[in-house]
Amino acid sequence: GHTAFSSASIGIAMGCSRYIEPEELLRDADVAMYKAKTAGKARYELYDATMHDQAVSLLNLETELRGAAGRDEFVVHYQPIVSLPECRLTGFESLVRWQHPERGLVSPCDFIPIAEETDLIVHIDRWVLRRACEQMVEWRGILPDGENLSVSVNLSSKQFVRPDLVEFIADVLAETGMDPAR
């Protein structure tokens, strides 16, 4: 008794002499289909050679991202939060950045979607929360009016379906000595 709507994303690869095996043609059509899905769904894309290069580049980036935490390549940058009427620093927003040894600073636009898709974001978010709390405890002791400073940490929506989120946050606050109100 309900109306359902569906759409299709289609990848098209034109057969030609460069394809030796049928799997190669299917692979390229699949690459084009995923490009259609990421471009907004309910559309089609015609395969071109740059799509393969982009897919390989994306796969390499995902592989490198999986090892980035173990190689200590993530850093947290802190954006000040200022009360304009009082011209007073009130806290910081913590922002994760990836300092790649060869690519340099990788834009969050390039790695956060991959981290979300692969669930690596859960590990990254938790690392950022711990690091931000540690840093704030240190700063609160040395900055003027430091005891009144707060820190904001962005969490992926994937965190909120995890049954251990509250316990994890409580543990980080207890381990770092961070004031929960801040």
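The values are calculated or read from the model by the stated rules, or taken from the named source; none is laboratory data. The structure displayed is predicted, hence computed values, not measured ones. All Cβ positions, even for glycine, are placed from backbone atoms using ideal geometry, and neighbour counts span all protein chains on display. Please note that ligands, DNA and RNA were not included when accessible areas were found on the heavy atoms of the full protein model with its side chains. Shrake-Rupley method; radii C 1.70, N 1.55, O 1.52, S 1.80 Å.
The rows are residues; the columns are (1) surrounded by 13 or more Cβ atoms within 10 Å (Cβ to Cβ); (2) touching a helix residue (DSSP H, G or I) at 6+ places or on another chain (Cβ under 9 Å); (3) in a helix (DSSP H, G or I); (4) without any contact (Cβ under 8 Å) to a residue 12 or more places away in the chain.
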{"position": "17", "(1), (2), (3), (4)": "no, no, no, yes"}
{"position": "28", "(1), (2), (3), (4)": "yes, yes, yes, no"}
{"position": "32", "(1), (2), (3), (4)": "yes, yes, yes, no"}
{"position": "36", "(1), (2), (3), (4)": "yes, no, yes, no"}
{"position": "50", "(1), (2), (3), (4)": "no, no, yes, yes"}
{"position": "57", "(1), (2), (3), (4)": "no, no, yes, yes"}
{"position": "63", "(1), (2), (3), (4)": "no, no, yes, yes"}
Output for the range 29-82, where each listed residue is of a type in the set (Phe, Trp, Tyr) and closer than 30 Å to residue 143 by Cα: 74, 78
Scan of the range 36-72 for residues that are farther than 27 Å from residue 125 by Cβ and either among the aliphatic types (A, V, I, L, M) or in contact with a Cys (Cβ under 6 Å, 6 or more places away or on another chain) (or both), ordered by number: 36, 39, 42, 46, 49, 51, 56
Hits in the range 38-48 - residues which are in a loop (DSSP other than H, G, I, E, B) and either open to solvent by 70 Å² or more (accessible area, probe 1.4 Å) or on the phi > 0 side of the Ramachandran plot (or both): 40, 41, 42, 43
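Report, by residue number, each residue of the range 65-87 that is more than 30 Å from residue 149 (Cβ to Cβ) and outside any loop (DSSP other than H, G, I, E, B).
Let us first name the residues in the range 65-87 that are more than 30 Å from residue 149 (Cβ to Cβ), namely 65-67, 70-71.
Answer for the range 65-87, where residues must be more than 30 Å from residue 149 (Cβ to Cβ) and outside any loop (DSSP other than H, G, I, E, B): 65, 66, 67.
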Criterion violated by residue 55 - all others in (1) among the small types (Gly, Ala, Ser); (2) within 22 Å of the chain's Cα centre (by Cα); (3) at pLDDT 90 or above satisfied: (3)
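Per-residue answers, yes or no, for (1) within 17 Å of residue 79 (Cα to Cα); (2) part of a helix (DSSP H, G or I); (3) without any contact (Cβ under 8 Å) to a residue 12 or more places away in the chain:
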{"site": "97", "(1), (2), (3)": "yes, no, no"}
{"site": "105", "(1), (2), (3)": "yes, no, yes"}
{"site": "111", "(1), (2), (3)": "no, yes, no"}
{"site": "114", "(1), (2), (3)": "no, yes, no"}
{"site": "124", "(1), (2), (3)": "no, yes, no"}
{"site": "152", "(1), (2), (3)": "yes, no, no"}
{"site": "158", "(1), (2), (3)": "no, yes, no"}
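This table checks each residue for (1) surrounded by fewer than 13 Cβ atoms within 10 Å (Cβ to Cβ); (2) of a type outside the set (Gly, Ala, Ser).
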site	(1), (2)
76	no, yes
94	no, no
112	no, yes
126	no, yes
130	no, yes
143	no, yes
167	yes, yes
181	yes, no
